[in-house]
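Structure first, then comments.
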C-alpha cells in the first residue's frame, strides 16, 4: 500500500479538504495538477473537483463509502451536479441529507461494512444514510464525544484512531466496522487523525508534517497489519 506526504493550499491538514472512497476523490479546485496526479495515482481513484457550499472544506461536509455519498443540504446545485456526474459513472448513490448538522465528515465514521454515526443526527437522517451507503448504521459516541468522524480514518482493512481510544471504543469498531485499529497521531502530534489523512483500501495520503514514526503507525493500522 503506497503512502505519500502532501499539503494542500500550503496546509498539512489535508483531511479537511477532501473525501475519498475506492472510486473517486472529491477535492476543491485550486490544487496543483502535479499534486492531483500524485494523489490520484496513490489512491487509484478518479478526481472530482468541486466545492461544498462555496467552501473548500470538502472533508468536513462529505462522507460515504463505495456504495454511496452523503452531502449536507447546504451544497449548491452546481456543486451537486458536478459530483453526481462522476458518481453516476461509478454507480454511486448520492443523498443530500436534510439535517441542521451539516459537518457529516465529522459526524460519521464509515467503511463498506458499517457506519458509526453521531447521536446528533436525527433518526430519519440515519435511516437515509443507511439506505444510501448500504450498511448498518449504529449511533454511538466514541471517547464520549459526538464526532466519531474526527476521531479516526478507516478502510475495509483497518483503521487509525485518536490516542484517547479505550477498549469500548475499539470494540465498537470491531462490532460495527469489522476492523481493528491502531492508535496514532498525524502532522507531528495532532490527535484528531481525520484532519491529516486521506485513505482508502489502495493507498494513503498524509499531511506534509507527518513524522516517520507516525507514518509507520498509520500504514500499519490502515494496511490491516495488526494482530
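Rule-based calculations on the coordinates, nothing more; no lab input. Everything numeric here is computed off the predicted structure, so don't read it as measured data. Heads up, the Cβs are rebuilt from the backbone with ideal geometry, glycines too, and the neighbour counts pull from every protein chain shown.
Could you list the residues of segment 132-151 with an amide nitrogen less than 19 Å from a label point located 7 Å from the Cα of residue 98 in the Cα-to-C-beta direction? 132-133, by backbone N distance to the label point.
Applying 0.36 nm per residue to the separation of residue 211 and residue 84 and subtracting their alpha-carbon distance, the gain on full extension is 42.1 nm. Could you work out how far the C-alpha centroid of segment 92-113 sits from that of segment 1-80, in angstrom? If you average the Cα positions of each part, the centres end up 14 Å apart. Bridge orientation summary for the chain: considering DSSP beta bridges with both residues in this region, about 45 percent are antiparallel. Only Cα pairs within less than 10 Å get springs; with that Gaussian network setup on the chain, which residue of 120, 145, 157 has the largest fluctuation? Evaluated over the chain, the most mobile residue of the options is 145.
Using alpha-carbon positions, what is the distance between the centroids of segment 183-198 and segment 153-170, in Å? First find each Cα centre; the distance between them is then 12 Å. Spacing of the modelled spin labels on residue 73 and residue 166, each 7 Å from Cα toward Cβ, amounts to 3.6 nm. The candidate values are [x] 0.91; [y] 1.93; [z] 1.31; the one derived from this structure for Cα Rg over 2.2 N^0.38 Å carries the label [x].
Once the Cα-Cα distance is subtracted from the 0.36 nm per residue extended length, the residue 131 to residue 226 segment shows a gain of 31.1 nm. With both labels modelled 7 Å from their Cα along Cα-to-Cβ, the residue 178 to residue 11 distance reads 3.6 nm. Shown for segment 1-107 is the translational diffusion coefficient from the Stokes-Einstein equation, using the Kirkwood radius over Cα pairs, a temperature of 25 °C and a viscosity of 0.890 mPa s: 177 µm²/s.
Hey, what did the chain get for relative contact order, percent, Cα under 8 Å, at least 6 apart?
After rounding, I find 23 percent.
Who wins for biggest fluctuation among 203, 105, 32 in a Gaussian network model of the chain, springs between alpha carbons below 10 Å? Evaluated over the chain, the most mobile residue of the options is 32. Which translational diffusion coefficient, to the nearest whole µm²/s, is obtained for segment 143-227 from the Stokes-Einstein equation, given a Kirkwood hydrodynamic radius over C-alpha pairs, 10 °C and 1.306 mPa s? Rounded to a whole number, D works out at 128 µm²/s.
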